[in-house]
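Single-structure report; data block below.
The values are calculated or read from the model by the stated rules, or taken from the named source; none is laboratory data. Computed from a predicted model, the values in this text were never measured in an experiment. Cβ placement follows ideal geometry from the backbone for every residue including glycine, while neighbour counts extend to all protein chains displayed. The protein model used for the area step is the full one, side chains on, heavy atoms only, and it has no ligands, DNA or RNA in it. Shrake-Rupley method; radii C 1.70, N 1.55, O 1.52, S 1.80 Å.
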Amino acid sequence: MRLCVFCGSSPGNKPEYLAAAQQLGTALAKAGIGLVYGGAQVGLMGAVADAALAAGGDVIGVIPRHLVERELAHTGLTTLHEVGSMHERKAMMADLSDGFIALPGGVGTFEELFEVWTWGQLGHHQKPCALFNAAGYYDQLIAFLDHALTEGFMRQPYRDMLIVDNQVDSLLDRVRRYSPPAVSKWVKAQER
């Protein structure tokens, strides 16, 4: 099994974020789960990769050439794929992975998670999508998602698709046990 981890190229302002990335990388390796990530050596990205490598894990990075040229690529990975664009990066990361976890991060992390979650809702894959809510980082996003549900812009089965946990062991257990919803994406107005 391989899990794709989306996360910041910055360490963030709280030490708990860095600790969560290190915990996740170590836990993946110890569980025999390969790590797929964005291939950088900086921020939480570098921390999760370094921790997985230090624990003997298999780490695959996928990075666009323009970031390699800025010397951001991690040179000690099991495998590093250089691609031409961010679109190619996301597609390859998704193809190589059996599920997705978002650590704290910025707009790029949000975009990556929301894209694969949308793909799951549309039936393009049946892979788990999860938030590692380290130090409550995603609390306000979770509240907003619940607001979208209350306001009728999201259905409960699709809200339930997103696994949320703040403990690495229970998060990985829930990812392993994930079962996609068996409902149709498109509903008629009168069925709401």
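If packing is taken as the average number of other Cβ atoms within 10 Å across a peptide's residues, how do 21-28, 137-144, 59-66 rank, most packed first?
Ranked from most to least packed, the peptides come out as 21-28, 59-66, 137-144.
Any idea how far apart Phe153 and Leu80 come out in nm if each label point goes 7 Å out from Cα toward Cβ?
Roughly 4.0 nm, to one decimal.
For Phe6, enumerate residues with amide H under 5 Å from its amide H, sequence gap 5+ or separate chain, H modeled in the peptide plane.
Residues meeting the amide H criterion: Ile101, Ala102, Leu103.
Spin-label point model (7 Å from Cα, Cβ direction): what's the Asp146 to Arg176 distance in nm?
2.9
For the peptides 31-39, 81-89, 161-169, what is the packing order when you average, over each peptide's residues, the other Cβ atoms within 10 Å and list the highest mean first?
So the peptides 31-39, 81-89, 161-169, ranked by packing, come out 31-39, 161-169, 81-89.
Solvent-accessible area of Asp173, probe 1.4 Å, all protein chains present, reported in Å² to the nearest ten, please.
60
Based solely on C-alpha atoms, express the radius of gyration and the Dmax of the chain in angstrom.
Gyration radius and largest Cα-Cα distance of the chain: 16.4, 55 Å.
Taking region 1-115, how much of its Cα-Cα pair set, in percent, is spaced more than 25 angstrom apart?
10
Report the extension gain between Glu111 and Ala55 in nm, rounded to one decimal, defined as 0.36 nm multiplied by the number of residues separating them, less their alpha carbon distance.
Gain on stretching Glu111 to Ala55: 17.2 nm.
Between region 104-173 and region 25-93, what's the alpha-carbon centroid distance in Å?
So the two Cα centres are separated by 22 Å.
Can you give me the % of accessible surface on region 72-192 that is carbon or sulfur? Probe 1.4 Å, all protein chains present, nothing else counted.
About 52 percent, which is the carbon plus sulfur part of the accessible surface.
Counting Lys and Arg as +1 and Asp and Glu as -1, what is the net charge of the other residues whose Cβ lies under 10 Å from the Cβ of Ile33?
Here the charged neighbours net out to +1.
With every protein chain kept in place and ligands, DNA and RNA left out, what is the accessible area per residue of the chain? Probe 1.4 Å, answer in Å².
50
Would you calculate the volume per residue, in Å³, of the smallest convex hull containing every Cα atom of region 63-125?
Measuring per residue, one finds 103 Å³ for the Cα hull of region 63-125.
Given region 99-174, report the % of alpha carbon pairs whose separation exceeds 21 Å.
That tail contains 22 percent of the Cα-Cα pairs.
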